[in-house]
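Notes follow the structure.
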Amino acid sequence: MPFTLFFRALLCALLLAGPACAEQVTVFAAASLKTALDEIAAGFEASTGNSVTLSFAGSSVLARQIGLGAPAQVFVSANPGWMDWLADQGRIDPFSRRDLVSNRLVLVAPAEHTSSDPLDDLAAGTGRIAMALVDAVPAGQYGKAALSQLGLWEQLSPRVVQTDNARAALALVATGAVPFGIVYATDARADPRVTQLMTFATDSHPPILYPAALVAGQENAAARSFLVHLFDAEAQAVFVRHGFLPVED
């Protein structure tokens, strides 16, 4: 064993805690979780001395990366489907899996936009509509389902601008590049440059759930600790403050 590794192991054995024993945990998480998870991870690092690396993208992109062996230790998806996909490959620890939070789906526009009938404006207009990838990314899948349930998908689909994730769709609206977007309620809260025009009925799309789990074969003590931390009262309060909804066991 190299001397540096031996010395570190000896310190950990003697001290049982502290910076010498700090571990690294890499978390792959849906882009819509960024604002809340940045805050939660900072608190976890301060209280434990462990280091957290957060990688945000669309759930489909992250799941495929994990499936190919990317060194993530915790995965938080924006829908159960991509977690199921990894479970079928034996890539997650099924005993660690648990629904973390929920969300709502909303129609947004630039902050100066006002409307008394948002759906009518959407259907009658000609402007583009920003959405995450409708066949792969959860936010886009939810949005397509909601518009389909309302009988608007066939009419509006030619105007849809698809992006890699929900935060990218939000950015197009926030910068005025497109007049409408369908994103999560938490995304709308995260950027003052947009206004929320309406919330889609929960029965117009599948339930928006964020399952979290350890990646099989990659976990360490810090990863297990971080996953537990996501469900404690302190972290859950951060999620709620950022607009996420709690999930009952």
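Points worth noting:
- Annotation note: of Leu37, Leu14, Leu86, the sole residue that is at pLDDT below 95, in a helix (DSSP H, G or I) and either of a type outside the set (Val, Ile, Thr) or within 13 Å of Pro211 (Cβ to Cβ) (or both) is Leu14.
- For the stretch 86-102, the set of residues classified as more than 28 Å from Leu150 (Cβ to Cβ) and either basic (Lys, Arg) or surrounded by fewer than 21 Cβ atoms within 10 Å (Cβ to Cβ) (or both) consists of Ala87, Asp88, Gln89, Gly90, Arg91, Asp93, Pro94, Phe95, Ser96, Arg97, Arg98, listed by residue number.
- The single condition from (1) buried (at least 20 other Cβ atoms within 10 Å of the Cβ); (2) in contact (Cβ under 8 Å) with a residue 40 or more places away in the chain that Ala136 fails is (1).
- If only residues of the stretch 103-125 that are open to solvent by 10 Å² or more (accessible area, probe 1.4 Å) and touching a helix residue (DSSP H, G or I) at 6+ places or on another chain (Cβ under 7 Å) are counted, the one that is modelled with the lowest pLDDT is Ser115.
- Pick from the stretch 162-175, criterion modelled with pLDDT of 95 or more and open to solvent by 40 Å² or more (accessible area, probe 1.4 Å), ranking: nearest to Val101 (Cα to Cα): Ala171
- For the residues Arg128, Arg159, the requirement of being touching a residue at least 12 places away in the same chain (Cβ under 8 Å), of a type outside the set (Ser, Thr, Tyr), open to solvent by 60 Å² or more (accessible area, probe 1.4 Å) and touching a strand residue (DSSP E or B) at 6+ places or on another chain (Cβ under 6 Å) singles out Arg128.
A quick yes/no check of all residues on (1) open to solvent by 70 Å² or more (accessible area, probe 1.4 Å); (2) in contact with a His (Cβ under 9 Å, 6 or more places away or on another chain); (3) of a type in the set (Val, Ile, Thr); (4) in a helix (DSSP H, G or I):
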site	(1), (2), (3), (4)
Ala188	no, no, no, yes
Pro207	yes, no, no, no
Ala213	no, no, no, no
Gly217	yes, no, no, no
Arg224	yes, no, no, yes
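- In the stretch 43-66, the residues that are open to solvent by 50 Å² or more (accessible area, probe 1.4 Å) and in a helix (DSSP H, G or I) reach residues that are at pLDDT below 95 and β-branched (Val, Ile, Thr) with C-beta atoms within less than 9 angstrom, at least six apart or across chains, in these pairs: Val61/Val137.
- Look at the stretch 202-226: where a residue is over 15 Å from Val27 (Cβ atoms) and among the hydrophobic types (A, V, I, L, M, F, W, C) and a partner is assigned to a strand (DSSP E or B) and open to solvent by 50 Å² or more (accessible area, probe 1.4 Å), sitting 6+ places away or on another chain with Cβ atoms under 7 Å, you get Leu209/Asp99.
The values are calculated or read from the model by the stated rules, or taken from the named source; none is laboratory data. Everything quoted here is computed from the prediction, not taken from an experiment. Cβ: placed from backbone, ideal geometry, glycine included. Neighbour counts: every protein chain shown. These accessible areas exclude ligands, DNA and RNA; they are computed on the full protein's heavy atoms, side chains included. Shrake-Rupley method; radii C 1.70, N 1.55, O 1.52, S 1.80 Å.
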